[in-house]
Amino acid sequence: MNFLNRNLYLLFACQTIFVSGSILLVTVGGIVGHAIAPDEGFATLPVALMVIGTAAATIPAAWMMQRKGRRFGFIFAAVLGAFGATLATYALHGEYFGLFCAATVPVGASLGFSQQFRFAAAESVQTHQVSHAVSFILLGSIAGAFLGPALVTHSADMNPDTPYSLAFSWLVGLYLLAVLLLRGLNFSEQSQANALRPKLVDSFVDGVQPSSMLTALRLLRLRPAFVTAVLAGVVGQGVMTYVMTATPVSMNVEHGFSIQMTSEVIRAHVIAMYLPSLIAPWLIARMGLPRMMMMGSIALAAALVIGLSGHQLMHFGVSLILLGIGWNFLFVSGTALLVQSYHPHESFRAQAFNDFSVFGVSAVMSLLAGVVLSQFGWLVLLISAMPAVGLMLVVLIWMHRTTATGSV
């Protein structure tokens, strides 16, 4: 644990807060939508708009942090989240579906900024500590996995007339706490750490500094490591969002499970997303990044197969747990690979392209989830996710042959 520093502790705490907000919205967004939306096909629209907000914010977040610094960008994100949660509280009191949907956009945008937490952590340590730092930040989400559903259930118990409005009121306070915590970030030693980091990029390009954003992206796309890293995030986040967004509606509305049971399954899923971070660095060191991503892809495939086998609580629970594990293995190893695939001067461009790709696809998948679920049902939704997992496996084999090695 000698890689820990003040920044990592603060980012850990703020990761907990931001993840609590996302879990709160994922848990109740579809249920609220089903209750007050004009058409059940729009039930997952609030969650979809949250993800769209996340995708739309990724490039502005990188741009702002490049010019104003990480601390400024993160504080801006916390204020944005507080605004969205305040708007959601008011919308739920009046049962204004349109306003509730609008409120999810700034919350999602704040998450787009918070995705840079892992890059801020990676830039604060040396190369051999990157997977440890990223995993540590993701572990902060475990607390969020307990806090988010707890906000939902306690709010429903204390305020049954508007069961979830109180939860969003509490969320406002959490975002304001994050503002105070983020003021303590200090990145004065960050540039020194970056200068010492060797880059995997030198294996694939000649080190030419591009003169434009377009040229930079063209060079990045020529690198097998960069392509594979981005795809790992796209597939992991896309498949996870697609299935997770539909799960509360399928459980609570279609199959009659209580909100408590539904919340427990979502909580188990989120814990499974982040708990493997305890062992992910060890697994990466032992097996290498491509094999780690292979394991993540296999876990996603297993989640889909188990989900297809039945509609009992066990099927939902085990499927969502495997879905979380698969996401973790792809996300952690993909991030560790990504930060080795570009030069220091390319960092913000590469990170912006990666996060926009990941959350842009995720936004589309969250929109499709409600439509596919309402029109074709749960089984078709799971089957339609399988080609993406197959594509990830094919690209991993391609990367293995391109680099002529079993590890990166």
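Each value in this text was obtained by applying a stated rule to the coordinates, not by laboratory testing. Everything numeric here is computed off the predicted structure, so don't read it as measured data. Counting neighbours? That spans all protein chains shown, and the Cβs are built from the backbone with ideal geometry, glycine included.
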Gained length - His315 relative to Phe187, 0.36 nm times residue gap less alpha-carbon distance: 41.6 nm
Relative packing of 179-186, 122-129, 325-332, 271-278, which averages over residues the other C-beta atoms within 10 Å, highest first: 325-332, 271-278, 122-129, 179-186
Hull shadow area, averaged, the chain [alpha-carbon convex hull, nm²]: 17.9
Farthest positive-ward along the chain dipole, Cα basis, beta-carbon charges - from Val19, Ser309, Ser319: Val19
For region 70-77, 3J(HN,Hα) per residue [Karplus equation, 6.51 cos²θ - 1.76 cosθ + 1.60, θ = phi - 60°, Hz, x = Gly/Pro]: 5, 4, 4, x, 5, 5, 4, 5
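Run the dipole for region 6-403 about the Cα centre, Lys and Arg Cβ at +1, Asp and Glu Cβ at -1, nothing else charged, and hand back the magnitude in debye, nearest 20. Could the numbers behind the result be given before it?
On the way: 17 positive and 13 negative charges, 273 e Å.
Around 1320 debye, computed over region 6-403.
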Rounded to 10°, Cα long-axis angle of helix 45-68 versus longest principal axis of the chain: 30
Residue-wise HN-Hα coupling along region 312-321, computed from phi with Karplus coefficients 6.51, -1.76, 1.60 (Hz; x: Gly, Pro): 7, 4, 4, 5, 4, x, 5, 4, 6, 5
Distance (nanometres) between label positions extended 7 Å along Cα→Cβ at Phe72 and Gln375: 4.5
Chain lengthening between Ile383 and Ile397 when straightened (0.36 nm per residue, less Cα-Cα): 2.8 nm
Inter-label distance for Asn5 and Leu99, nm, one decimal - labels placed 7 Å from Cα along Cα-to-Cβ: 4.5
Spatial separation of Cα centroids for region 44-67 and region 353-391, in angstrom: 18
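Find the relative contact order for the chain and round it to a whole percent, using C-alpha pairs within less than 8 Å whose residues are 6+ positions apart.
Details: 714 pairs, mean separation 102.6, N = 408.
Computed over the chain, the figure is 25 percent.
Per the Kirkwood treatment, what hydrodynamic radius in Å, one decimal, follows for region 1-132 from the mean inverse distance over all distinct Cα pairs?
Details: mean 1/r = 0.0643 Å⁻¹.
Its Kirkwood hydrodynamic radius stands at 15.6 Å.
To the nearest 0.05, what FRET efficiency results for Tyr90 and Leu278 with a Förster distance of 45 Å applied to their C-beta separation?
Taking R0 as 45 Å, the efficiency between Tyr90 and Leu278 is 0.70.
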Label point distance in nm, His345-Asp157, each placed 7 Å from Cα along Cα→Cβ: 5.8
